[in-house]
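Below: one structure, written as structure tokens.
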Number of protein chains: 2
Amino acid sequence: VNERHVGVFDSGVGGLTVARELLRQLPEENLLYLGDTARVPYGPRGGATITRFALELVQFLLDREVKALVVACNSISASAIESIRRLSPVPVIDVIEPTVRAAVAATRTGRIGIIGTVSTVASGVYERHAAALDSDLQVIAQACPLLVPIAEEGLADHAVAHLMAEEYVARFREEAVDVLILGCTHYPLLKPVLADVLGPGVQLIDSAGPTISDLATLLRRRGLERSGAPHHRFCVTDASYKFLQIATAMLGADVSDQVEQVCVELPAGEGLPGCILPDLVPAMV
Amino acid sequence: VNERHVGVFDSGVGGLTVARELLRQLPEENLLYLGDTARVPYGPRGGATITRFALELVQFLLDREVKALVVACNSISASAIESIRRLSPVPVIDVIEPTVRAAVAATRTGRIGIIGTVSTVASGVYERHAAALDSDLQVIAQACPLLVPIAEEGLADHAVAHLMAEEYVARFREEAVDVLILGCTHYPLLKPVLADVLGPGVQLIDSAGPTISDLATLLRRRGLERSGAPHHRFCVTDASYKFLQIATAMLGADVSDQVEQVCVELPAGEGLPGCILPDLVPAMV
């Protein structure tokens, strides 16, 4: 079992920020990364669709016998974490809960900001996790729909990143938050511009560190660690022209001979009579 | 047969610009609109993925016995039109060819600009169609990856639309084109800002008019027209929170009781042994 890969998955390139941290903290683990580049972004979609897509990604990784799963996408975690835990016989590490713990440990004012996709913010998951830790905390959430396309297009240094960062996060300066959770694994790609707009009074909390720390603890506790030279695989559902570029830049190594294009779709319509879902309006956020 | 719907399909809301023109030019036809809001955008994806998704949309419409198909998405047309024509027993109206004809008729300088998604521009389809009509024409193409997310998010009046329009189309002022093809059915949503950046010397050519004129001719020639009060259906693959908003604004009527959420996926992996595609690099644009 120990030789098996750790499965890390995301809607696209964002989860690479978590994968990078895994390579740093656990350099001898085998990584199997899965990015659903054929269907990215997940953030603007309804919870039922995100859950359906996420379970297909999980099934793909379980079929390849991973020893643990890391949900490296906040939109998936916010909508589908319970369904994933029900499906998975191997341990599941969530990207949201460890990050909220880190933010709560870091705040001195008790005022925490969080930015995320539309579906993540609409889910209210950060408010619930924070309230469970300390009911006096104030959590102020802001949806940032254009940041994922900006990150996916590699426009982190472009004026458009600054314009939209100003629009989305400038309010946190006045809201007197001292901690801002980057509630989407794409956002660390935009850290410089977010830090620039927010100024030094606001600490940015990235999910990758706390999430992989939790994974390390779990592997150690269960005796699932491995040692030796690792073997990594990167699976994408579409040969996205940006994936290799961003992966190479982020991981600091040419991974082109480790990338495969794969299909993850399961037969559709199963359990959906006539394929017409009755919950159009409730599913809308 | 005449009573059957005309199937109009797109990756998301963009095709509504074509649907709106159908309702205007052919107000007694039944419209069946299909938007793949669960997998939008198509533009950044590889040709093989776009073709796979597009054939699922076509099959969904054929199963509902449409009398004609309108490909209301330039990315689909650029990558998949031949596969669609092979699959479809009913006539297929393409969004690209009629638009190139309109642009060629409109230009006086013989210099035509075209903006589109990454996959559309990479396909070179506009250059080929223009050369087939007149080999002296000069076609200058520009990919605009952020315009679809901006349109899908309803940000046409936001500063970000102006910033990116300036970035993508300002060059056409110096290139001395007198005609610019809006080579993506989302772009008419951004017409005011594009016109503002380009100034009065450049005429914008929208696909909707020429495409629906071709459809009208086809229905007339084949005796497929219908008359009477129409019945429309709008199918989306995800309960996108923006679809109803944009559809209502564009069509000038509340269509909420005509919208259904549907599944279009066919069993995956068929004909793909092990689901691993060998053409990762060639498929990249």
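Residue count for the stretch A:56-92 satisfying the condition of being surrounded by fewer than 24 Cβ atoms within 10 Å (Cβ to Cβ) and out of contact with any Lys or Arg (no Cβ under 7 Å at 6 or more places or on another chain): 17. When you scan the stretch A:233-254, how many residues do you find that are of a type in the set (Val, Ile, Thr), modelled with pLDDT of 90 or more and more than 18 Å from the chain's Cα centre (by Cα)? Matching residues across the stretch A:233-254 total 0. Can you find a residue that is free of Cβ contacts under 8 Å to residues at least 12 places away in the same chain and of a type in the set (Val, Ile, Thr) anywhere in the stretch A:147-158? The answer is no, given that none of the residues of the stretch A:147-158 is free of Cβ contacts under 8 Å to residues at least 12 places away in the same chain and of a type in the set (Val, Ile, Thr).
For the stretch B:107-122, name all the residues that are touching a residue at least 60 places away in the same chain (Cβ under 8 Å) and open to solvent by less than 30 Å² (accessible area, probe 1.4 Å). Hits for the stretch B:107-122 are B:Thr107, B:Ile112, B:Gly113, B:Ile114, B:Ile115, B:Gly116, B:Thr117, B:Val118, B:Ser119, B:Thr120.
A:Ala78 - would you say it is at pLDDT 95 or above, away from chain B (no Cβ under 14 Å) and touching a strand residue (DSSP E or B) at 6+ places or on another chain (Cβ under 6 Å)? Criteria not met by A:Ala78. A residue that is at pLDDT 90 or above, in a loop (DSSP other than H, G, I, E, B), open to solvent by 30 Å² or more (accessible area, probe 1.4 Å) and more than 7 Å from chain A (Cβ to nearest Cβ) cannot be found anywhere in the stretch B:258-274.
Within the stretch B:21-51, being over 22 Å from B:Glu65 (Cβ atoms) and more than 11 Å from every other protein chain (Cβ to nearest Cβ) holds for B:Glu21, B:Arg24, B:Gln25, B:Thr51. Screening the stretch B:1-104 for helices (runs of 4 or more DSSP H) wholly inside it with 1 or more residues that are touching a Pro at 6+ places or on another chain (Cβ under 9 Å) and under 18 Å from B:His232 (Cβ atoms) returns the ranges B:16-25. Scanning the stretch B:203-232 for residues that are assigned to a strand (DSSP E or B) and over 18 Å from the mean Cα position of the chain (by Cα) yields one hit, B:Gln203.
Does B:Gly183 qualify as being under 30 Å from A:His162 (Cβ atoms) and in contact with a helix residue (DSSP H, G or I) (Cβ under 6 Å, 6 or more places away or on another chain)? Taking the combined requirement at face value, the residue satisfies it. Of all residues in the stretch A:218-232, those that are closer than 17 Å to A:Ala19 by Cβ have Cβ atoms under 7 Å from Cβ atoms of residues that are open to solvent by 90 Å² or more (accessible area, probe 1.4 Å) and not hydrophobic (A, V, I, L, M, F, W, C), 6 or more apart or on another chain, in A:Arg226/A:Glu3. For the stretch A:31-63, the set of residues classified as basic (Lys, Arg), more than 24 Å from A:Gln245 (Cβ to Cβ) and either in contact with a Leu (Cβ under 8 Å, 6 or more places away or on another chain) or touching a residue at least 12 places away in the same chain (Cβ under 8 Å) (or both) consists of A:Arg45 only.
Taken together, A:Phe234, A:Phe243 contain a single residue that is crowded, with 24+ Cβ neighbours inside 10 Å and within 13 Å of another protein chain (Cβ to nearest Cβ), which is A:Phe243.
The values are calculated or read from the model by the stated rules, or taken from the named source; none is laboratory data. Here the structure is a predicted model, which is why all the values come from computation and not from measurement. Glycine also receives a Cβ, built like all others from the backbone with ideal geometry; neighbour counts cover every protein chain displayed. Note: accessible area is taken over every heavy atom of the protein model, side chains too, but ligands, DNA and RNA are not part of it. Shrake-Rupley method; radii C 1.70, N 1.55, O 1.52, S 1.80 Å.
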